[in-house]
Every structure is written in structure tokens, then in C-alpha cells.
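The values are calculated or read from the model by the stated rules, or taken from the named source; none is laboratory data. Since this is a predicted model, take the numbers as computed values, not measurements. Note that we place each Cβ from the backbone using ideal geometry, even for glycine, and neighbour counts take in every protein chain shown.
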Amino acid sequence: MNGRSFAVITQDAFSERIALVDDESIDVAFKLKEDDDRLNLFDVVLGKITRNVPALQGAFVDIGKETAFLSYRTKEQLAEGSFGVFQVIQESYAQKEAKLTTNLTVFGVYLNYFPFSTNSIKTEEQSLLEKRGIIQANTDGAWLVKSTAKNASNDSLITEISSLKNVFAIIENAKQERRLGVLYSFGNKFDHLKRRLPLYDTVYTNDPALLNNLEIDYKPLSPKNIAIIEELDKEIFTSLSPNVPLKCGAELVFDECEACTVIDVNSGSSLDGTKDNNILKVNIQAAKEIAKQLKMRNIGGSVLIDFITPKTAQTKKAVVDALSKSIVNDDVKVYDFTRLGFVELTRKRGYTQKIDPDIIQVWKLRKDLSRLPLTVKSVQIKYPTSLEPIVKRINQNDWFSDIKISIDCIPSPTDSFAIQII
């Protein structure tokens, strides 16, 4: 997946997967084929102020299934017991509540719409669209015209403006019911990446139905390019594992804690030959992979990276420079080496995409089943009793329905799933 720009979107009975590839940068996401009622980033909710907390300059808000926190930007507070429309600007994680704002944004591919604001964000693209007569300088709400709009057709832009206003109308109608919870969802990370598909000239898919209302020319996935799916799955698996192998033989180890994330560069068998030169080579390769993993894992907050300690100020600078240059289109601030030898950085937290280890086992089991010879007609899958809940989910959601093999699942004193050909 090097040196190219394309998108891949696929599905099977178990999940939907997507990857956006831009030269050396890649972003991936997946969505399980079962109901997911978790609160997502940028969801618009109806909430009720339950308690103002002046010391925290904010308030706790009841949004139905959970409590969130609203930060006040001014001294003016909302009355306790009052209702309001809010937007999620940070998903809940660990023991921390989701964070809300009263400044609503309706997101599009080419524009963002701010229905409660009056001041559009002036950009070169904004002026261009005003000259083309597509948006008016004085209109309801405000707009942010993205750089992607520069090459978009007038019809595409006019359609999106109408669509964004319709979304706001849906939100306004939904709030009349006074039911706490989500009024409108922009979806999870998978849906976020899917909305960007029109920006790619080449889109591969194994099911055109995934593109539904998107006017996109696509290329079907065939045996000739099936390796693309294998590469996509490999990237997703890597982003779900705490250990990431590097081509040089070293390894990254990710340890995500509530307060921060620690990344250790494990040299392994990579340090052969001239030691100083190899240390720099391993660290630069690690820096490039870390930049990619930060985005794919949606790591946010404070991050400490324990590189293999460079010996000179020059090589330290080379490592920090390599890390900074590898970060593309991402909200990351890189700092220097600390006295303890860590490189510090901060990243704005985006969509969270956590998945429990049992689901990863199901994914790997599906892969193993798909690689069986075509002559195999039936198998027995043995599983430990601890995985009984996940086996029930497999059966309830028909996660293996597209695999043309007769499958019988039975409990067994094993440590993980085991396939036995019958």
C-alpha cells in the first residue's frame, strides 16, 4: 500500500471495513454487524442540566443512558433542570464522561455548517464559493468551506448545502419530543471515513451496496486484487494488537493507560552491525510507524515514546524530525526528548474504536476458516467455556453465514478457538 492514493470498503457477514490510503498515510476503521448504541463523537443529543459545578466551570448533563460534562466558555450558566441541544466533542473513555458543547456543527465532505453561529470562517475557498454564487455572505448560520470544495462541481456543493440544512431540520424536529438521548448521529469512525470516499478517484469494494447514496465510480474486488483485502485486514489487526513488528526486526509495544499512553521501541534482533547507525535506522522506522498508529488507534492525550536512546544531540534531532515529518493531517504536537529520555507528544482525542479481545479471536477464526481447502465441507470448532458469551453472539448475528462450511461449535478444555476438520 505504498505510493498510491485509493480507498477500500468491504463487508462480510461479520463486519464492514474501510481504508483510506494516501501515499504513506493510511487510516482504517471497521464496524461489527450488530447493533451498537454507544455514544459517538459529534453525536447531537438532547440533555438536561442536572448540576452546575462552578469550580469546574461546567455542568453535568443527563443525556439519557449516561451523564456527560458541559464546559462553560463564559460565566453565564444554564439553569439546573433546563433542557438543551448539545454536541459530543469527546467520547467517554475509561472513567471520564463524554464532553459536550452548545456550538453545533453539521459535518459535510466539502463544507461544515454552524446553524447557531453568524460568523462564517473566512477562507480562500469561502470567497471562491461566494463569487460562484453557491453560498451567500449573509445567510442563516455560518459555513466553513474546506479545501476539498475547490475542485467540487457546483451541483455537488449545492446538494451538500441542502443536505446539511436538512440534517439541522431533522435535529430541530427531533428535539420537540423532549426525549433525552441522541437526536442525530453522524456515526462512528467507519461512517466518518465513508463520507470521505467521494474524494478518492479509485475506490475498491466487494459490494456496491456499501456505497448506497454516494455517487462513486468503483472497481470490484477480484482474485487479481484480493491482496488489497488481505492488506487491509492486516492493518486492522495490527491496530488492535499491543505489539507492532517493524521490518527491521524491532517491535513497538503500546501500553494505553488512563493518564497517558506509553510506546516502547523494543530493539529485538535489529541491532546488528554498526550500533550507532542501526539505532538511528530503527528509531526512524519506529517514528514513521508510530505516526501511522497514532491515527489508526485514535490515541489521544499525552503520549510518551521510549525510543532506543540516541547517543548524540544530532541523532536525537533526527529522530524528532522524522516523527514530526511523518505526522500528516493529524492534530499532534511533538516535543523534544525529556531528561529521562522519552519523547513527548500530545494528540487531540478523536473517534475511539476499542474492541474486546474475544472479538479479535472471532476475526482470526473467520480468517482460518476462509483459508481451508475447498474440499472441506464441515468442521468442528472447539472453544473454552469462558467464550460461551461470544459463541452466542456468533450464532445470534449469523457471523459465519457467508462461510460455505458446516460448522458445529462445542465447548472444550482448550485455551482458545480450535478448528478440527471432520
> From the residues in region 94-127 that are touching a Gly at 6+ places or on another chain (Cβ under 8 Å) and either modelled with pLDDT under 90 or assigned to a strand (DSSP E or B) (or both), which one is farthest from residue 74 (Cα to Cα)?
Replying inline: 113
>> Return the pair list, or none, for Cβ contacts closer than 6 Å from residues in region 313-338 that are assigned to a strand (DSSP E or B) to residues that are among the basic types (Lys, Arg), at least 6 apart or on different chains.
In response: 332/347; 337/316
> Taking region 32-66 only, how many residues are in a strand (DSSP E or B) and among the charged types (D, E, K, R)?
Replying inline: 3
>> Just to be sure I understand the filter: pairs with C-beta atoms under 7 Å, separated by 6 or more residues or on different chains, first member in region 131-147 and assigned by TED's automatic domain parsing to the domain that holds residue 116, second member at pLDDT below 80 and acidic (Asp, Glu). Which pairs pass?
In response: 137/130; 145/125; 146/125; 147/125
>> If I filter region 320-328 for residues that are aliphatic (A, V, I, L, M), surrounded by 13 or more Cβ atoms within 10 Å (Cβ to Cβ) and closer than 21 Å to residue 189 by Cβ, do I get at least one hit?
In response: yes
> Taking region 242-252, which residues are closer than 23 Å to residue 360 by Cα and surrounded by 14 or more Cβ atoms within 10 Å (Cβ to Cβ)?
Replying inline: 244, 245, 246, 251, 252
> Regarding residue 72, is this residue in the same structural domain as residue 148 (by TED's automatic domain parsing), surrounded by fewer than 18 Cβ atoms within 10 Å (Cβ to Cβ) and of a type in the set (Phe, Trp, Tyr)?
Replying inline: yes
> Just checking, how many residues over region 174-188 are within 16 Å of residue 105 (Cα to Cα) and either touching a Cys at 6+ places or on another chain (Cβ under 6 Å) or among the small types (Gly, Ala, Ser) (or both)?
Replying inline: 2
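Yes/no per residue for (1) at pLDDT 90 or above; (2) assigned by TED's automatic domain parsing to the domain that holds residue 312; (3) farther than 30 Å from residue 335 by Cα:
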site	(1), (2), (3)
208	no, no, yes
219	no, no, yes
226	no, no, yes
250	yes, yes, no
262	yes, yes, no
278	no, yes, no
282	yes, yes, no
> List pairs: first in region 273-300 and closer than 18 Å to residue 30 by Cβ and buried (at least 19 other Cβ atoms within 10 Å of the Cβ), second among the β-branched types (Val, Ile, Thr) and modelled with pLDDT under 90, Cβ under 6 Å, 6+ apart or cross-chain?
Replying inline: 296/28; 298/352
> What is the one condition in (1) surrounded by 13 or more Cβ atoms within 10 Å (Cβ to Cβ); (2) touching a Ser or Thr at 6+ places or on another chain (Cβ under 9 Å) that residue 81 does not satisfy?
Replying inline: (1)
> Any chance region 64-76 includes a residue that's under 25 Å from residue 167 (Cα atoms), of a type in the set (D, E, K, R) and out of contact with any Asp or Glu (no Cβ under 6 Å at 6 or more places or on another chain)?
Replying inline: yes
>> If residue 373 meets every condition in (1) of a type outside the set (A, V, I, L, M, F, W, C); (2) assigned to a helix (DSSP H, G or I); (3) farther than 30 Å from residue 42 by Cβ; (4) without any contact (Cβ under 8 Å) to a residue 60 or more places away in the chain apart from one, which number is that one?
In response: (2)
> Are there any pairs with C-beta distances below 9 angstrom linking a residue in region 235-261 that is on the phi > 0 side of the Ramachandran plot to a residue that is not in a loop (DSSP other than H, G, I, E, B), with the two at least 6 apart or on different chains, and if so which?
Replying inline: 249/282
>> So if I check each of 370, 412, which one is over 19 Å from residue 356 (Cα atoms) and at pLDDT 90 or above?
In response: 412
> Looking at this structure, is residue 64 at positive phi and either modelled with pLDDT under 90 or of a type outside the set (Val, Ile, Thr) (or both)?
Replying inline: yes
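Might you let me know whether region 164-184 holds any residue that is within 21 Å of the chain's Cα centre (by Cα), of a type outside the set (D, E, K, R) and closer than 29 Å to residue 359 by Cβ?
yes
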>> Which condition from (1) touching a helix residue (DSSP H, G or I) at 6+ places or on another chain (Cβ under 7 Å); (2) modelled with pLDDT under 95 is the one that residue 292 breaks?
In response: (1)
>> Could you list, ordered by first residue, the pairs with Cβ atoms under 7 Å in which the first is in region 192-203 and farther than 19 Å from residue 296 by Cα and the second is part of a loop (DSSP other than H, G, I, E, B) and of a type outside the set (Val, Ile, Thr), at least 6 apart or interchain?
In response: 198/214; 203/218
